[in-house]
């Protein structure tokens with residue numbers, strides 16, 4: 001697809017502004033009614049899906065040209081997909097998130113990049129990770145763990161740590177715990193250590209399609225060579241890349257998030273808790289595990305009209321609107337932990353507020369990214385929870401930074417941390 | 001004419017650099033396509049409202065005042081809008097700045113005892129409703145849905161909607177008002193103007209209701225309304241809507257003291273009689289001919305799609321092959337939706353009996369298919385929150401209402417079959433969706449106590465398709481001519497022709513004068529005097545109709 005292929009969406013967007021809010025049916029209060037962090041922070045229409053449709057149309061029609069403001073409009077978005085859900089509540093056909101990706105691809109092609117992103121991309125090309133760390137240190141997170149490296153010994157399940165859990169010292173323990181718990185539950189698990197590579201999902205969201213393709217092809221090739229059938233990851237971004245972005249490239253691996261595997265083990269009686277964890281917690285749905293975590297459905301087709309002017313697609317086009325995201329497994333795991341009391345925030349599941357770390361926002365717009373996370377922290381606190389729990393290292397990093405900046409006492413956990421405490 | 005740097009800097013000094021922009025691409029996100037939605041003119045293919053000179057995001061009444069005063073100083077036109085879902089909210093001319101009221105989005109107070117809320121422009125219906133429900137109150141949601149600003153419809157447009165029979169239209173619900181007049185001066189009206197609080201719009205302070213809005217409102221053409229108090233009404237339901245279901249088929253378990261029915265009738269006369277009887281019995285909370293917007297032929301199939309999260313429009317053809325779908329569709333041919341709200345369980349029992357009597361007297365029935373618990377729960381939420389109104393556009397991306405058989409129920413029902421046949425013939429030509437001719441939808445009783453219905457017969461088209469858009473314009477021209485010939489006058493589809501023209505800009509003066517010099521020309525001449533007094537520098541647009 002090319003940007004021009006979304007011209008119909010641009011012209012059919014009715015500018016209703018539903019994209020700015022959580023689904024209207026789900027609004028529970030003034031304080032937590034908004035859905036799109038980008039327009040909530042910047043306020044101009046152009047920072048919403050409806051506005052970006054209009055800006056893209058203006059650009060492709062030659063009515064405007066690239067400016068600093070245009071770059072800001074295009075890149076100051078966490079690509080969280082809240083607008084995509086809202087647009088499909090009623091308008092079943094619009095694809096603002098896909099259009100947003102195409103718009104970014106076009107800007108990158110045209111050299112309209114951000115220096116903050118280029119710094120990361122340059123490092124990524126050399127070091128295969130998003131944190132501008134040395135590739136040679138990638139496997140350090142697993143030092144001391146007794147676990148197979150699939151380069152030497154085959155394993156039924158590959159654990160992919162991802163860039164954030166590999167390099168972020170505050171979070172690496174969660175990855176170590178995941179491997180240990182899965183292994184102790186009888187899972188034949190292996191890792192790739194220093195040979196693991198970035199999934200490419202975050203650079204895809206930033207607009208660097210070629211970089212993504214290189215990384216994806218490299219990973220698919222490595223997994224295929226190692227005979228990998230099943231991949232487990234604790235990172236929502238990696239989960240999304242492997243389950244949604246890789247299949248169109250020919251990947252055929254079973255992809256599970258750690259919470260799905262844990263949920264399966266608990267329900268099969270293979271993982272039992274022995275300790276009580278007396279905590280009142282709230283759960284944050286990562287965008288790439290929740291609304292963007294729906295299974296990939298292959299589709300190739302074209303638009304047609306029925307009843308003269310009713311627009312449909314032949315064959316039936318899959319609708320990604322967050323309905324079938326990964327929502328129950330993390331909640332079921334939390335509810336299974338003795339002593340844990342799960343209290344929900346107002347914005348959850350397909351209409352959860354984003355953590356602010358995605359789409360290159362954390363790298364290029366730290367103030368916006370931090371504000372978005374702080375908004376979520378406020379929402380978490382409003383539930384009376386003592387901790388916010390998530391299932392993505394990027395979300396957790398952003399929350400830790402927001403809590404640190406504001407001096408809040410709210411604790412931030414990965415689900416695996418609580419599981420570990422209960423064993 | 002671009003803003004001078006001096007003027008831009010002066011505006012920037014008021015709102016700060018973060019809240020002003022004249023970037024061309026950004027400005028293009030503040031233009032409205034005239035090939036779209038219910039704007040009551042056109043549709044005109046790939047025609048847009050003009051690009052403003054700058055967009056400003058004021059954060060307070062003081063900032064709005066300062067901006068308007070600068071507009072008077074530099075002779076720059078201005079247009080304020082909140083939720084931007086119609087061409088009415090956008091500039092008509094060059095040399096106009098756009099005020100986006102988005103930053104003024106607070107529910108400032110809910111006075112539970114006196115049953116009103118004080119709100120800013122960008123509070124939307126859904127937010128106000130959610131806050132009001134916490135204290136057992138509710139707000140009227142206008143027909144365009146809960147994404148719209150109650151302040152905008154209360155001050156500047158009709159404000160009609162499905163809950164009008166119980167709660168009145170928003171034109172009726174406006175109490176105290178804070179108005180930045182076109183010259184930048186501030187006027188507080190009603191009790192607020194006398195320093196006595198927000199509870200009354202008419203006195204003991206100044207009343208300006210007839211100047212600022214009249215029946216239809218001035219559509220943003222006469223200053224900026226920065227705060228209002230708006231009436232709230234009893235809500236005998238839960239403090240928070242317990243929404244269930246899988247997106248997009250959300251639903252709410254209907255409480256025991258509510259009922260949600262689709263009522264159908266053997267004749268249109270029976271339909272009209274039922275309206276009068278319901279109003280006389282004072283039993284309706286929400287009344288709407290809602291799902292008929294999908295068309296007489298397709299509405300039940302659409303309800304099936306909307307209540308099943310796995311279905312899409314793709315399923316429409318297959319569903320229409322099902323004889324049971326066709327049978328139910330026929331059963332609901334002359335229908336409307338009614339929500340009853342009992343303040344107690346005894347009350348709802350009484351209302352149910354009263355409704356049963358009305359149905360016996362009129363030969364009507366409760367459409368059985370819509371009584372399925374899942375569909376009841378879905379339609380209950382749909383009608384209470386009105387959070388799916390962009391379904392108006394679901395078929396092809398564009399729609400507008402035509403004919404507009406507005407008035408007492410006897411009026412619309414007398415002509416609906418004639419209009420249906422007329423539209424059905426145009427549907428066959430292929431440029432508008434073939435939905436069954438009758439897509440007439442609207443509130444049942446759009447003012448307090450009932451008394452009138454507002455119907456617009458939707459024509460669904462594709463704004464991305466030149467033939468569809470231009471074919472729809474041809475249909476609207478024909479339907480207007482037909483309405484004139486039949487003595488109904490031009491319909492809703494031409495409502496804004498006197499304000500905005502085919503190029504997206506102000507209607508030329510000679511055409512405007514011709515359109516406004518009909519039967520009520522003295523009204524528009526009087527409004528000319530008002531405009532000269534309140535807007536001496538002519539900084540508002542022609543949505544405020546005047547005849548020179």
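Each peptide among B:78-84, A:94-100 gets the average number of other Cβ atoms lying within 10 Å of its residues, and from highest to lowest they stand as B:78-84, A:94-100.
Distance between the C-alpha centres of segment B:293-335 and segment B:185-262: 34 Å, rounded to the whole angstrom.
With the highest mean first, a sort of the peptides B:515-522, A:255-262, A:126-133, A:142-149 on other beta-carbon atoms found within 10 angstrom per residue produces A:255-262, A:126-133, A:142-149, B:515-522. Reducing segment A:101-174 and segment B:500-548 to their Cα centroids gives an inter-centroid distance of 64 Å.
The long axis of helix A:258-267 is offset from the longest Cα principal axis of chain A by roughly 50 degrees. When the Gaussian network model of chain A links Cα atoms closer than 10 Å, the mean-square fluctuations of A:231, A:326, A:311 top out at A:311.
Between the Cα long axis of helix B:466-485 and the first principal axis of chain B there is an angle of about 80°, rounded to the nearest 10. Modelled label positions at residue B:73 and residue A:71, each set 7 Å beyond Cα in the direction of Cβ, lie 3.4 nm from each other. For chain A, modelled as a GNM whose springs connect Cα atoms under 10 angstrom apart, the maximal fluctuation among A:343, A:179, A:232 occurs at A:343. For segment B:391-494, the Cα-based Rg and Dmax, in that order, read 13.5, 44 Å.
For chain B, the longest principal axis of the C-alpha atoms and the axis of helix B:409-429 are separated by about 90°. Taking label positions 7 Å along the Cα-Cβ direction at both residue B:2 and residue B:135, the computed distance is 5.0 nm, reported to one decimal. Peptide A:39-45 shows a mean partner chain C-beta count of 6 within 10 Å per residue C-beta. Expressed per residue, the C-alpha convex hull volume of the protein assembly as shown stands at 164 Å³.
Counts of other chain beta carbons within 10 angstrom of each beta carbon in peptide B:44-55 average 1. Cut-off 20 Å, label point 7 angstrom out along Cα-to-Cβ of residue B:478: give me the residues of segment B:409-426 whose amide nitrogen falls inside. What the label zone holds, given the 20 Å backbone N cut-off, is B:415-426. Per-residue mean of foreign Cβ neighbours for A:28-34 is 6 (Cβ atoms of other chains, 10 Å radius).
Highest GNM mean-square fluctuation, chain A, Cα pairs closer than 10 Å: which of A:84, A:68, A:122? Looking only at A:84, A:68, A:122, the largest GNM fluctuation is found for A:68. Each stretch of four or more DSSP H residues adds -39500 (n - 2.57); spread over every residue of chain A, this sum gives -12000 deg cm²/dmol at 222 nm. Short to long, the 10 Å bins of the Cα pair-distance histogram for chain A hold 5, 22, 33, 26, 12, 2, 0 percent of all pairs.
Can you grab the distance from the C-alpha centre of segment A:358-409 to the C-alpha centre of segment A:241-271, Å, no decimals? Taking the Cα centre of each part, segment A:358-409 and segment A:241-271 sit 26 Å apart.
No lab work stands behind these numbers, since they all come straight from the coordinates. Being a predicted model, the structure only gives us computed values, none of them experimental. So basically every Cβ, Gly included, is an ideal-geometry build from the backbone, and we count neighbours across all protein chains shown.
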